[in-house]
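Structure, as structure tokens:
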Amino acid sequence: MKSVLVVEDNPLNRDLMVQLLEDRYCVITRGDGETGLRAMFELEPDVALLDLSLPDIDGLELARRVRQDDRVKDTPLIAVTAHAMPGDREAALAAGCSAYIPKPIDEDELFEILDNLVGI
């Protein structure tokens, strides 16, 4: 089973992501950028879903750091965020995210992106 790291500081949003994904993926969660970054390096998940507004290290900086590390630089990163203003998608992609999904999450879009990036 493929693994998905969900880095989300809001417990309700984190639980929702687990409920959506747990039937298809092994879901790992972290509640802030620092522990999310450590999990990327230690666990090397198949894909990561990153909230952009995180305590300490935000999702954009987390993506930049992941892209600089040979162990995980090719891991697909999906920005999942309430930041849906003009330029936010571009900023996420420029930081190294492979895709961008605004909140509230469209489940069909999420699974389509996941299937395209890592399959089931």
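Give me a count of the residues in segment 1-56 that are assigned to a strand (DSSP E or B) and at pLDDT below 95. Even if it seems obvious, please write down each step before you answer.
First pass over segment 1-56, keeping only residues assigned to a strand (DSSP E or B): 3-7, 26-30, 47-50.
In the following step, the residues that additionally are at pLDDT below 95 were identified as none.
Result for segment 1-56: 0.
Could you please let me know if Thr81 is modelled with pLDDT under 95 and surrounded by 17 or more Cβ atoms within 10 Å (Cβ to Cβ)? So Thr81 passes the test.
Give the number of residues within segment 36-53 that are surrounded by fewer than 17 Cβ atoms within 10 Å (Cβ to Cβ) and in contact (Cβ under 8 Å) with a residue 12 or more places away in the chain.
Taking segment 36-53 as the starting set, the residues that turn out to be surrounded by fewer than 17 Cβ atoms within 10 Å (Cβ to Cβ) are 38, 41-44, 53.
Subset that is in contact (Cβ under 8 Å) with a residue 12 or more places away in the chain: 41, 43-44, 53.
So the count comes out to 4.
When each of Leu43, Leu93, Leu114 is tested for being of a type in the set (A, V, I, L, M) and touching a Lys or Arg at 6+ places or on another chain (Cβ under 9 Å), the lone residue that passes is Leu114. Among the helices (runs of 4 or more DSSP H) confined to segment 57-120, the ones with at least 1 residues that are in contact (Cβ under 8 Å) with a residue 40 or more places away in the chain and under 20 Å from Leu16 (Cα atoms) are located at 59-67, 107-117.
The values are calculated or read from the model by the stated rules, or taken from the named source; none is laboratory data. Predicted, not measured: the structure shown is a model, and the values here were computed from it. Cβ sites come from the backbone with ideal geometry, for glycine too, and all protein chains shown count toward neighbours.
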